[in-house]
Amino acid sequence: MNTFILLQVIITCFLGAASPGPSLVLISRNGIANGILSGTITGLGHAVGIFFYCMISIIGISLFFRINSKILDYLTLILVIYLIFIAIKILRSNSNIKQKIISKKLLTENFIEGFLICFFNPKITIFFFAIFSQFIKSETTIFQIFYLASIASIIDFLWYTFVSFSVGNGAIRKFLNKEKILNLSSSMILIGISLFIIYKLLIN
């Protein structure tokens with residue numbers, strides 16, 4: 001694998017990670033509400049999900065989705081349900097800085113949230129398949145597959161760690177972490193994304 005291909009993968013993965021979406025909303029919200037560590041752990045869970053999808057995309061399971069397009073639709077509907085669940089959970093939560101206790105339970109929940117919001121988004125598989133189908137050959141080794149998946153996962157984690165540090169520091173949190181406004185705006189954005197996904201499914 002030459003340097004040009006590697007650079008192409010890095011840039012494309014970064015642009016994919018940095019694109020706005022439900023993951024950015026969730027991780028930013030957790031970073032603002034609970035601090036840098038909470039946002040970073042959510043991002044770590046998301047990065048693990050990215051590694052999973054990247055692996056199955058390179059190996060070729062994405063072909064299964066192309067042959068059975070309804071499976072993609074079903075998984076997308078699960079994503080919509082999960083986004084609405086997260087939105088309701090945020091609305092019912094108490095994100096006040098002084099009252100929120102950063103516990104192992106909370107961080108575990110953050111990790112699971114990050115992983116699931118990635119796992120229930122099967123279009124990530126198609127994204128990676130489109131990237132790697134250009135240069136993955138039959139002779140590609142398991143080590144190279146693992147290497148490429150690790151690159152995608154690390155880039156994703158670094159991006160969301162940057163986001164967490166940006167929104168999770170004390171000054172930004174004091175400015176943005178107005179409990180009702182933060183929870184309401186985060187929930188409305190997630191619900192808006194859910195409705196848009198449903199609309200796209202109906203017109204396809």
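Within the set 91, 106, the sole residue that is assigned to a helix (DSSP H, G or I), open to solvent by 50 Å² or more (accessible area, probe 1.4 Å) and at pLDDT 75 or above turns out to be 91. Taking region 170-184 as the range and being open to solvent by 50 Å² or more (accessible area, probe 1.4 Å) and either touching a helix residue (DSSP H, G or I) at 6+ places or on another chain (Cβ under 6 Å) or modelled with pLDDT of 75 or more (or both) as the test, the residues that pass are 176, 184.
For region 115-128, check the following and say yes or no: at least one residue is in a helix (DSSP H, G or I), more than 17 Å from the chain's Cα centre (by Cα), buried (at least 21 other Cβ atoms within 10 Å of the Cβ) and modelled with pLDDT under 80. Before the answer, list the steps.
Step one: filter region 115-128 for residues in a helix (DSSP H, G or I), giving 115-119, 123-128.
Next cut, more than 17 Å from the chain's Cα centre (by Cα) only: none.
No, the conditions are met nowhere in region 115-128.
Every test in (1) open to solvent by 10 Å² or more (accessible area, probe 1.4 Å); (2) at pLDDT below 85; (3) under 17 Å from residue 194 (Cβ atoms) is passed by residue 79 save one, and that test is (1).
For region 134-141, the count of residues that are at pLDDT 70 or above and assigned to a helix (DSSP H, G or I) is zero.
The values are calculated or read from the model by the stated rules, or taken from the named source; none is laboratory data. What you see is a predicted model, and the numbers here were worked out from it, not measured in a lab. Reconstructed Cβ throughout: ideal geometry from the backbone, glycine too, with neighbour counts over all protein chains shown. Keep in mind that these areas ignore ligands, DNA and RNA; they rest on the heavy atoms of the full protein, side chains included. Shrake-Rupley method; radii C 1.70, N 1.55, O 1.52, S 1.80 Å.
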